[in-house]
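Asker: So that we are looking at the same thing, I have put the structure below in structure tokens.
The values are calculated or read from the model by the stated rules, or taken from the named source; none is laboratory data. Keep in mind that this is a model prediction, so the values were computed, not measured. Reconstructed Cβ throughout: ideal geometry from the backbone, glycine too, with neighbour counts over all protein chains shown. These area figures cover heavy atoms from the full protein model, side chains too; ligands, DNA and RNA do not enter into them. Shrake-Rupley method; radii C 1.70, N 1.55, O 1.52, S 1.80 Å.
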Amino acid sequence: LAKTTQPISMDSYEGQEVNITCSHNNIATNDYITWYQQFPSQGPRFIIQGYKTKVTNEVASLFIPADRKSSTLSLPRVSLSDTAVYYCLVGPPPGSSNTGKLIFGQGTTLQVKP
Amino acid sequence: GAVVSQHPSRVICKSGTSVKIECRSLDFQATTMFWYRQFPKQSLMLMATSNEGSKATYEQGVEKDKFLINHASLTLSTLTVTSAHPEDSSFYICSARDLSNGYTEAFFGQGTRLTVV
């Protein structure tokens, strides 16, 4: 499983756009990139998943360059409730019948200030 | 979306006793579930993979005799911390993927805070 590297922490203010970049230089050809959010004393929650270019859903966008060695999670107009730890994971594609275990890196602690 | 439920959410036990944590997939079947442990200010650490109807697969460094895992049905996996000690105090989290939904995202339980006194 490819190793990921993220900034340990980031600060932002309410209403700003936040971009968190993750490096995954050893990503395999078939690997997908998935981001999870974790609030204190809760289990992680899926945010977004992608393979290449750009993916957007109702909460975030995921930008993946052509070489796929990094990815950027973009959170538009953050609020105080977006304060959490964000994890970038790389692994087998959806639908693969492997064990599907996820290995978490250190994550990025995002602190949103008023 | 699919829901994974853990019980209890919080437990305090005396040193030397055993504690059982349940993980249930509420609206989907999970042939495989995963158990994680998380210490304060740290990331999730995968402990083991729980396989329905067979033995669990433990990650390196995790004592299988101390952390007993049973996955007797497609919707229930249990983790028993045997002879718990204060150093076992941690946040335990389970997860599962929905096979019928093409193994997309993993769903996580709300976690169990174990405190051994």
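Asker: Go through B:SER9, B:SER18 for me and flag whichever is at pLDDT 95 or above, in contact with a Ser or Thr (Cβ under 7 Å, 6 or more places away or on another chain) and within 12 Å of chain A (Cβ to nearest Cβ).
Answerer: None of the other options fit; the residue is B:SER9.
Asker: Among the residues that make up region B:101-116, is at least one of them exposed (fewer than 15 other Cβ atoms within 10 Å of the Cβ), more than 23 Å from A:PHE39 (Cα to Cα) and in contact with a strand residue (DSSP E or B) (Cβ under 7 Å, 6 or more places away or on another chain)?
Answerer: no
Asker: I'm checking my understanding of the structure. Among residues of region B:76-95 that are more than 10 Å from the chain's Cα centre (by Cα) and of a type in the set (Gly, Ala, Ser), which one is farthest from the other protein chains (Cβ to nearest Cβ)?
Answerer: Among those that are more than 10 Å from the chain's Cα centre (by Cα) and of a type in the set (Gly, Ala, Ser), it is B:SER83.
Asker: Quick one: in region B:82-117, which of the residues that are of a type in the set (Val, Ile, Thr) and part of a loop (DSSP other than H, G, I, E, B) is modelled with the lowest pLDDT?
Answerer: B:THR104
Asker: Pick from A:GLN106, A:GLN42: which is polar (S, T, N, Q), more than 13 Å from the chain's Cα centre (by Cα), facing chain B (nearest Cβ under 9 Å) and open to solvent by 20 Å² or more (accessible area, probe 1.4 Å)?
Answerer: A:GLN42
Residues are listed down the side, and each one gets a yes or a no for (1) open to solvent by 50 Å² or more (accessible area, probe 1.4 Å); (2) in contact with a strand residue (DSSP E or B) (Cβ under 9 Å, 6 or more places away or on another chain); (3) within 14 Å of chain B (Cβ to nearest Cβ); (4) not acidic (Asp, Glu):
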site	(1), (2), (3), (4)
A:ASN25	yes, yes, no, yes
A:TYR32	yes, yes, yes, yes
A:ILE48	no, yes, yes, yes
A:SER70	no, yes, no, yes
A:SER79	no, yes, no, yes
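For every residue, the table says whether it meets (1) in contact (Cβ under 8 Å) with a residue 60 or more places away in the chain; (2) polar (S, T, N, Q); (3) within 13 Å of chain A (Cβ to nearest Cβ); (4) closer than 25 Å to A:PHE46 by Cα.
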| residue | (1), (2), (3), (4) |
| --- | --- |
| B:THR31 | yes, yes, yes, yes |
| B:GLN38 | yes, yes, yes, yes |
| B:SER54 | no, yes, yes, no |
| B:LEU74 | no, no, no, yes |
